[in-house]
Amino acid sequence: MDSKRRQLITGISLAGAGVLISACRANSGPAGSATNENTKNEGPKAGEEEALEVTATEDLMREHGILRRALLVYQESTVKLRQDAASVPPDALEKVANLFRVFGEDYHERKLEEVFIFPTVKKAPGVAAGYVDVLSAQHARGREITDYVLSITKADRIASNSVEPLAKALEAFVRMYEHHAAVEDTVIFPAWKSATGQAELDELGEKFEEIEHEQFGDDGYEMALKRMEEIESSLGLSNLDMFTAPAPPK
Ligand SMILES: [Fe+2]
Ligand SMILES: [Fe+2]
């Protein structure tokens, strides 16, 4: 498969977010344009009371929401890989890994957490500071695993001797990142918020928005959400009700 075709299928270039943006725009009909109108940046439309503001911590937490949706695809894929590896299209996993790379690792982790959140929390009093080194090490391990997933899924089919190692790597990644994001949501972001005054938080909220626009040239969250929804629907995972637990034994 040539690299142009691969980029089209993947939707996100390894080199950056450019292809994510063009893929989303290319796929955006009138409905896509309407979604992009509801960005956090824009003022109220006629008849609306006021624009809804997204705070810096809400921004970080909803980014975790996108990453958790990616983790769900990984988790479902490990089950399918073990049942019937041929039923897992490598392209779909590659798209998820690329989204995790561009939106999770290169933007959320590198541009926000490692620059603004971790250094402040590390100096703040309390238990949160003690988590920062492990969280940083987990970012690094996550990137290694993403490299591995990308290397395995670039082929048109997953080699039989790679099926179990890939399933294990995905499982370990999901386990690590679920807990990682939960600790950030419940310990790290609240500690960062306490250590930062309200005025500075407001400024940083705007700064994060600027960084997002610099990185993606548009609303990165909206684009990543749309991309994630496309991936879920291509894999038959977009119906939330399919995850409703069965009733317990009576
Ligand atoms: Fe993190
Ligand atoms: Fe995070």
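Nothing in this text is a laboratory measurement; each read-out follows from the coordinates by a stated rule. Worth saying up front: this structure is predicted, and the values here are computed from it rather than measured. When we count neighbours, we look across all protein chains shown, and the Cβ atoms used for this are built from the backbone with ideal geometry, even at glycine.
Summary of computed values
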item	result
Boolean, VAL174 is within 15 Å of the chain's Cα centre (by Cα) and among the β-branched types (Val, Ile, Thr)	yes
Count - residues of the range 123-167 that are surrounded by fewer than 17 Cβ atoms within 10 Å (Cβ to Cβ) and free of Cβ contacts under 8 Å to residues at least 24 places away in the same chain	13
The range 106-130, residues that are more than 10 Å from ligand 1 (Cβ to nearest atom), of a type outside the set (Val, Ile, Thr) and more than 16 Å from the chain's Cα centre (by Cα)	PHE116, PRO119, LYS122, LYS123, ALA124, PRO125, GLY126, ALA128, ALA129, GLY130
Scan of the range 59-90 for residues that are of a type in the set (A, V, I, L, M, F, W, C) and away from ligand 2 (no atom under 11 Å from the Cβ), ordered by number	ALA70, LEU71, LEU72, VAL73, VAL79, LEU81, ALA85, ALA86, VAL88
Residue under evaluation ALA86, criteria (1) within 16 Å of ligand 1 (Cβ to nearest atom); (2) out of contact with any strand residue (DSSP E or B) (no Cβ under 8 Å at 6 or more places or on another chain), criterion not met	(1)
Yes/no for ALA247 being part of a helix (DSSP H, G or I) and either in contact with a Phe, Trp or Tyr (Cβ under 8 Å, 6 or more places away or on another chain) or farther than 19 Å from LEU71 by Cβ (or both)	no
Qualifying residues in the range 146-170 (those that are in a loop (DSSP other than H, G, I, E, B) and among the hydrophobic types (A, V, I, L, M, F, W, C)) - the one nearest to LEU81 (Cα to Cα)	ILE158
Leading residue by the ranking (farthest from GLU203 (Cα to Cα)) among those in the range 49-100 that are without any contact (Cβ under 8 Å) to a residue 60 or more places away in the chain and assigned to a helix (DSSP H, G or I)	GLN83
